[in-house]
Amino acid sequence: MKILVFGAGQLAQMMYLAAAPLGVDVYAVDVNSREVLNPMSKEKLDMSIEYAISDVDAVTAEFEHVPEDLLLLAEKSEKLLPNMNAILTGADRVREKQVFESNAIANCPHMVINDLSQLDASIQALGARIIFKASRDGYDGYGQWRLLSGDEKPKLIQAFASLDLKRVPLVAEKMLSFEREISIIGARDAKGNTTYFDVAENLHHEGQLHVSVAPATHLAQSTINKAHEIFDRIATALNYVGVLAVEMFQMGDSLIVNEIAPRVHNSGHWTQKGADTCQFEQHIRAVLGFPLGATTSSGVTAMINVIGCTSFSRDIISIEGCHLHWYGKELRVKRKMGHINVVAENYASLGEKLLQLLAYLPEEYFPLLRGEAKRLSALDA
Ligand code: ATP
Ligand code: MG
């Protein structure tokens with residue numbers, strides 16, 4: 001069987017790798033050049049997008065910012081999973097908030113801004129600390145502006161002046177003081193069967209994910225149940241098929257949804273080594289109508305993003321339970337170049353392994369790792 005993925009980055013690559021043992025081939029579409037490629041070798045395949053859609057069993061996406069005409073082509077073939085509405089919802093913060101609101105899902109207090117004159121009203125409604133997010137085309141903290149005090153208002157007005165807010169409105173969100181960020185990743189098949197991976201705890205630095213640990217430490221069963229319920233409500237509302245990620249802020253017992261990703265997600269990369277079936281295989285299974293796999297964790301796992309850096313010894317893989325996943329991309333500042341998964345039997349041992357790992361890494365590129373390693377090391381074995 002065959003799958004076509006919109007997007008030809010690392011997520012398509014990892015879908016390809018997970019699909020191969022199932023006898024499933026994966027093609028990718030570079031949505032800029034509009035070429036059909038092999039997602040691993042990037043070799044051009046001699047076929048049009050139209051032909052590729054007709055040739056495969058399912059069409060899916062590795063990111064939500066796919067041009068609408070391509071989504072429409074795929075939707076018309078009735079092979080697009082998740083469906084176009086689900087992908088467009090993940091691509092547009094205004095649509096996303098509407099789904100949260102109409103399904104009674106707790107989310108950040110917010111206001112949609114499509115004219116600069118609404119700026120003062122947003123500050124009045126949401127308070128002095130606000131994050132303004134472009135409603136479309138943002139990722140990894142790009143397309144975001146933070147207002148931390150009134151002094152910064154002129155700077156913001158200047159930044160917003162060049163934006164076409166009628167075309168791409170901003171979503172102003174109250175800056176929340178949460179305890180931590182977590183995500184629930186699960187998969188839903190066409191019959192509505194749902195599986196969830198263990199909840200991951202996510203550490204961000206400058207708006208970018210650096211480290212995920214799963215299962216999240218100190219998570220009450222009632223909170224896990226709540227995360228599942230939120231997942232179900234969103235997945236059902238979107239008539240979702242495939243892997244879906246929901247990013248949340250945890251404040252005590254309450255979970256506030258930040259955003260969704262209608263696809264496999266960076267905070268689920270730990271499943272490659274830490275769960276019975278990884279998120280990439282689970283997505284393939286869901287969109288092809290195969291039985292969903294077990295999601296049981298095989299221990300505790302940390303996923304460490306390698307961001308803007310290539311120079312470290314590959315001897316990291318001498319650490320037991322440590323696996324490197326390299327994307328083969330050209331080096332750029334703040335670009336995700338690969339990730340490292342470290343699996344251990346318990347948190348204390350995971351913390352020790354992360355300390356060993358740090359000995360090989362240029363620490364300035366891994367600013368959160370030592371703190372996390374120490375925190376985990378201090379937990380009960
Ligand atoms: P990514 O693609 O990495 O998920 P993104 O660009 O889509 O990021 P968000 O997830 O909305 O953007 O925000 C990035 C990070 O900024 C969050 O993970 C969180 O750390 C912080 N953040 C976002 N919204 C808020 C908020 N309302 N209050 C406090 N912090 C926030
Ligand atoms: Mg996010």
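The values are calculated or read from the model by the stated rules, or taken from the named source; none is laboratory data. Keep in mind that what you see is a predicted model, and the values were worked out from it rather than measured. In this analysis, Cβ positions are derived from the backbone assuming ideal geometry, glycine residues included, and neighbour counts consider all displayed protein chains. These area figures cover heavy atoms from the full protein model, side chains too; ligands, DNA and RNA do not enter into them. Shrake-Rupley method; radii C 1.70, N 1.55, O 1.52, S 1.80 Å.
Table for the structure above
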read-out	value
Å² per residue, accessible surface of segment 221-289 at 1.4 Å	28
Residues with amide H under 5 Å from that of residue 3, placed H, sequence gap 5 or more	25, 26, 27, 57
19 Å Cα-Cα reach of residue 374 towards lysines, excluding residues that sit fewer than 8 places from it in its own chain	353
Added length on full extension, which subtracts the Cα-Cα distance from 0.36 nm per residue, residue 102 to residue 218	38.7 nm
19 Å Cα-Cα reach of residue 191 towards lysines, excluding residues that sit fewer than 8 places from it in its own chain	79
Heavy atoms of residue 50: accessible area, 1.4 Å probe, square angstrom to 10	110
Per-residue ³J(HN,Hα) for segment 202-212, Karplus 6.51 cos²θ - 1.76 cosθ + 1.60, θ = phi - 60°, Hz, x for Gly and Pro	10, 10, 10, 9, 6, x, 10, 5, 10, 9, 10
For segment 2-80, size of Cβ-based charge dipole, Lys and Arg +1, Asp and Glu -1, in debye	180
Estimated [θ] at 222 nm from DSSP helical runs (n ≥ 4, -39500 (n - 2.57)) normalised by residues in the chain, nearest 500	-8500 deg cm²/dmol
The chain - Kirkwood radius from inverse mean 1/r over Cα pairs (Å)	21.5
Nonlocal amide H pairs with residue 307, under 5 Å, H built at 1.01 Å	337
Percent accessible area from carbon and sulfur atoms, the chain, protein chains only, probe 1.4 Å	50
Using θ = phi - 60° and Karplus 6.51 cos²θ - 1.76 cosθ + 1.60, couplings along segment 283-300 (whole Hz; Gly, Pro as x)	5, 4, 4, 5, 6, 9, x, 7, x, 6, x, 5, 10, 3, 6, 9, x, 10
Interchain or long-range residues, amide H under 5 Å from residue 61's placed H	6
³J(HN,Hα), Karplus 6.51/-1.76/1.60, whole Hz, each residue of segment 266-271, x for Gly, Pro	3, 7, x, 5, 4, 5
Segment 122-216: relative contact order as a whole-number percent, Cα under 8 Å and 6+ apart	24
Gaussian network model of the chain, springs between alpha carbon atoms under 10 Å - residue of 109, 82, 215 with greatest fluctuation	109
Leading residue at positive end of dipole, the chain (Cβ point charges), from 239, 260, 114	114
List 41, 122, 102, ordered by accessible area with a 1.4 Å probe, largest first	102, 41, 122
Solvent exposure, largest accessible area first (probe 1.4 Å, DNA, RNA and ligands not counted), of 51, 327	51, 327
Sites residue 348 and residue 311, calculated FRET efficiency, Cβ-Cβ separation with R0 25 Å, nearest 0.05	0.25
Loop GluC sites (Glu not before Pro), segment 203-271, which have at most 13 other Cβ atoms in a 10 Å radius of their Cβ (DSSP)	206
Average accessible surface area per residue within segment 33-73, 1.4 Å rolling probe, Å²	50
Projected label distance in nm at residue 356 and residue 148, using a 7 Å step from Cα toward the beta-carbon	3.8
Loop trypsin sites (Lys or Arg not before Pro), segment 67-170 (other Cβ atoms within 10 Å of the site Cβ: 12 or fewer; DSSP)	166, 167
Only Lys, Arg (+1) and Asp, Glu (-1) charged, at Cβ; the chain dipole about Cα centre in debye	440
